[in-house]
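Everything on this sheet refers to the single structure shown next.
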Amino acid sequence: MKINKRYIAVGLIIAFSLFFGLAAHADESDEATKITFSEPIQIPGQVLPAGTYLFKLASGDDLNVVQIFNADRTVLYATLSTIATERPEPTDHTVVALAEQGAGQPDLLVKWFYPGRETGNEFLYSKQQEKELARDKQHTVMANRLTVSNSDAAGAGN
């Protein structure tokens with residue numbers, strides 16, 4: 001009889017651990033990340049003014065659609081198609097790749113990587129913009145999960 005109680009106790013501990021392990025990571029399913037830009041930033045179809053935005057996957061089923069909201073999710077600015085892009089190693093921080101477009105123009109958002117992921121989202125632009133992107137200087141910005149600032153880009157370029 002003691003053996004059966006031990007199996008039950010071990011089973012309950014495993015079930016308890018799995019339940020709370022999944023609950024602790026539930027917010028990662030949409031990869032929601034707040035990003036603050038200190039300068040305007042161009043995304044496909046528009047320029048976002050400096051400010052804080054929430055980036056998230058539109059659904060857990062389609063990893064190639066990213067939504068951009070204001071910080072409190074009350075305004076949806078864009079729903080954007082992306083393609084998967086890879087990086088050599090994941091980091092513990094949000095990473096974005098920006099392309100400099102020249103004097104007087106905002107940097108262009110090229111890629112977004114969620115912390116701990118090797119695969120990220122590359123934003124899709126028009127064919128003309130894609131050609132310009134190939135010529136533009138791109139730099140990568142790393143930050144903690146809550147903030148990315150263009151002013152940090154100078155020290156994090158690649």
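Points worth noting:
- Projected label distance in nm at Glu39 and Ala58, using a 7 Å step from Cα toward the beta-carbon: 3.0
- Label-zone membership for region 40-82, site Thr119, 7 angstrom Cα→C-beta point, backbone N under 15 Å: 57-66, 82
- Region 45-123, accessible surface, carbon-and-sulfur percent (1.4 angstrom probe): 48
- Label-to-label distance, nm, for residues given as Asp92 and Leu76 (7 Å Cα→Cβ offset): 3.5
- Cα gyration tensor shape of region 45-110, rounded if a/c is under 1.5, else prolate or oblate by comparing a/b with b/c: oblate
The values are calculated or read from the model by the stated rules, or taken from the named source; none is laboratory data. Note that the structure is a prediction, hence the values are computed from the model and not measured. Here the Cβ is made from the backbone with ideal geometry for all residues, glycine too, and neighbour counts use every protein chain on show. For the accessible areas, the whole protein counts, side chains as well, though only heavy atoms, and no ligand, DNA or RNA atoms are used. Shrake-Rupley method; radii C 1.70, N 1.55, O 1.52, S 1.80 Å.
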